[in-house]
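The values are calculated or read from the model by the stated rules, or taken from the named source; none is laboratory data. Fair warning: this is a prediction, and the values are worked out from it, not measured in the lab. All Cβ positions, glycine included, derive from the backbone under ideal geometry; neighbour counts span all protein chains shown.
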Amino acid sequence: MAAVLQAALPDADMASRYNIYRIIHKGLRGFMSDTLLRIGRMDANDDCERAQALEQLRGLLAMCLGHLQHENDFLHPAIEAATTGGANHTAADHVGHVAAIRALEDQVAHIESAQPQQRSQLATELYLELGLFVAENFEHMAFEETSNHALLVSGYGDQELIDLEHRIVASMTPEQSMAGLRWMLPHINADERAFMLGGMKRAAPPQVFEGVLGLARELLSQRDFYKLERALA
């Protein structure tokens, strides 16, 4: 895998181009990591704790399904238009991801309907399967951020990629957008946060921007929010 990543980013110019995958993938990595840890420490026989942990996992799986559908609908056609067959690798991965998500959903339902004496073992099995899912997705996202990114920037300018990203965002429900922001904002760096919210400040209705800024105030450390305020001033 390291050789693939090295070959996919042959020069500094490629790395400096706008990467349509990076910010959302940081959010997904944060959501996946937090959820895996939460399932790992879950007391399967504490009704409240179990319900909250499994609800978070369901939210993660729903976000993963939505994300891969957005990539199928928007990014893969753009890659194919630039390079025939360029999206084949990740398209095949997505088929496997859907199957894995459905299997995890079944495991969640099984725990919820299980007898108390079965829950601990079922929770262990869920944790192991979720760990494999997260590991595979981390590798998959790294491939997209390097190999797929290289194909996109070879065929499109940065503004074209930003416009493509805007079309993806416009296709999302308000609930999907807010869930994505909740996990992106605390898991991206200060420059990425300033870039994203700076764009919102210029283009979004004031009440929408203020809502996102309020979410950032809730989620970020005092230091990170101060940096954001300075960047947006």
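Residues in region 106-129 that are surrounded by 14 or more Cβ atoms within 10 Å (Cβ to Cβ), over 13 Å from ARG41 (Cα atoms) and of a type outside the set (Val, Ile, Thr): 6 in all. In the set LEU65, LEU61, LEU57, only one residue is crowded, with 18+ Cβ neighbours inside 10 Å and under 30 Å from GLU160 (Cα atoms); that residue is LEU61. For region 151-158, the count of residues that are of a type in the set (Phe, Trp, Tyr), modelled with pLDDT of 95 or more and within 24 Å of ALA103 (Cα to Cα) is zero. Residues of region 170-190 that are without any contact (Cβ under 8 Å) to a residue 24 or more places away in the chain and either of a type in the set (D, E, K, R) or in contact with a Leu (Cβ under 6 Å, 6 or more places away or on another chain) (or both): GLU175 alone.
Residues are listed down the side, and each one gets a yes or a no for (1) among the hydrophobic types (A, V, I, L, M, F, W, C); (2) within 26 Å of MET178 (Cβ to Cβ):
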site	(1), (2)
ALA51	yes, yes
GLU71	no, yes
ILE79	yes, no
GLU105	no, yes
TYR127	no, no
VAL134	yes, yes
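Quick one: is GLY199 surrounded by fewer than 17 Cβ atoms within 10 Å (Cβ to Cβ), among the small types (Gly, Ala, Ser) and farther than 18 Å from ALA231 by Cβ? Before you say what the answer is, go through the steps one by one.
Working: surrounded by fewer than 17 Cβ atoms within 10 Å (Cβ to Cβ): yes; among the small types (Gly, Ala, Ser): yes; farther than 18 Å from ALA231 by Cβ: no.
The answer is no for GLY199.
MET200 meets the stated requirement of being touching a helix residue (DSSP H, G or I) at 6+ places or on another chain (Cβ under 6 Å), in a helix (DSSP H, G or I), in contact (Cβ under 8 Å) with a residue 12 or more places away in the chain and not polar (S, T, N, Q).
Collect the residues in region 42-78 that are among the charged types (D, E, K, R) and touching a residue at least 12 places away in the same chain (Cβ under 8 Å), keeping them in residue-number order.
To start, the set of residues in region 42-78 that are among the charged types (D, E, K, R) comprises 43, 46-47, 49-50, 55, 58, 71, 73.
Matches in region 42-78: ARG50, ARG58, GLU71, ASP73.
Against the numbered list (1) in contact (Cβ under 8 Å) with a residue 60 or more places away in the chain; (2) surrounded by fewer than 19 Cβ atoms within 10 Å (Cβ to Cβ); (3) farther than 24 Å from GLY211 by Cβ, ARG167 comes up short only at (3).
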